[in-house]
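Trainee: Supplied in structure tokens, the structure appears directly below.
Read-outs throughout are calculated quantities, based only on the coordinates presented, and are distinct from any laboratory measurement. Given the structure is predicted, the values throughout are model-derived calculations rather than measurements. Glycine gets a Cβ as well: all are built from the backbone with ideal geometry, and neighbour counts include every protein chain shown.
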Amino acid sequence: MMGAAGVQPRLQGPIPSSRTAPVVFVVDDDISVRESLELLIRQESLSVEAFASAQEFLVHPRPRRPSCLILDISLPGLSGLDLQKRIAVERPDMPIIFITGYGDVPKTVQAMKAGAVEFLPKPLTDSVVLNAVRNALERSRTILAHEDEIRDLQARYTVLTPREREVMHLVASGLPNKIVGSELGISEITVKAHRGRVMEKMKAQSLADLVKMASRLRQVRTQESRRAGAALQPGPR
């Protein structure tokens, strides 16, 4: 199925712990494809777990660590596109590499629009698969690091008092202390005191830092609202 020619050097770097080591998931109902991919990926010193169906994959534990999914678009039962929809909601940090033996252009377009990072036709080439896996795992690492940063930011924000949150958002919007005090019905000196505590609790080194933090928190709230709205939308009849 896959030739050894063109295989790139193995991934380098320190060996991560089992809890943070990247893992590649493979879902394909063709046992020869699964076994070939397992062998290829293990030769790169990467963990790999393979499944014959989307249902098998969904019931298997998926720890939060860098990962990607090599997924056959045409599967019995739950299709690859259906599984992609589930993963997009449950594990947005897991990039999907689609593979197919049918060259279905409409499905390819649909999968790419839904966020697939690669779409590889069978027969697969080792070097192409490994390059796609490398890129997907790096993307997963980046997403997880961003999520950790946001989680830490939200944790800091939760320790602010309601008044400190009001001061933070008004100050971050560019209003001077005097105007913030007028808006909240407090003195300028009190605003300065609240502002100092906000900077300390949020670990902001400057006003520019605080502005960036407030912007990120707004973006996260907007994204969460959109996902919640999408989850409430009725499915196709």
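Trainee: Given the alpha-carbon gyration tensor of segment 24-68, what are the semi-axes of its equivalent ellipsoid in whole angstrom, ordered largest first, with each equal to the square root of 5 times an eigenvalue?
Mentor: Equivalent ellipsoid of segment 24-68: 17, 16, 5 Å, largest first.
Trainee: For a quick check: sort 32, 127 by the number of other beta carbons within 10 angstrom, fewest at the front.
Mentor: Sorted ascending by nearby Cβ count, the order is 32, 127.
Trainee: For segment 23-145, with the dipole built from +1 on Lys and Arg beta-carbon atoms and -1 on Asp and Glu ones, taken about the Cα centre, which of 52, 97, 144 lies farthest toward the positive end?
Mentor: So the residue furthest toward the plus end is 144.
Trainee: Counting other C-beta atoms within 10 Å, which of 125, 222 has the fewest, and how do the rest follow?
Mentor: Taking fewest neighbouring Cβ atoms as first place, the list is 222, 125.
Trainee: Also: Would you mind calculating the relative contact order of segment 159-226 from Cα pairs under 8 angstrom and at least 6 residues apart, reporting the percent as a whole number?
Mentor: Reported as a whole number, the value is 33 percent.
Trainee: Could you tell me whether segment 23-145 comes out rounded, prolate or oblate from its Cα gyration tensor? Rule is a ≥ b ≥ c as square roots of the eigenvalues, rounded for a/c under 1.5, then prolate if a/b exceeds b/c, otherwise oblate.
Mentor: rounded
Trainee: Please give the charge dipole size of segment 23-145, origin at the Cα centre, charges +1 on K and R Cβ atoms and -1 on D and E Cβ atoms. Round to the nearest 20 debye.
Mentor: Using only the charged Cβ atoms, the result is roughly 500 debye.
Trainee: Sticking to Cα atoms, compute the Rg of segment 159-226 to one decimal and its Dmax as the biggest Cα-Cα distance, whole number, in Å.
Mentor: 12.0, 39
Trainee: Restricting everything to alpha-carbon atoms, can you work out Rg to Rh for segment 128-193 with a Kirkwood hydrodynamic radius?
Mentor: Across segment 128-193, the Cα-based Rg/Rh ratio is 1.36.
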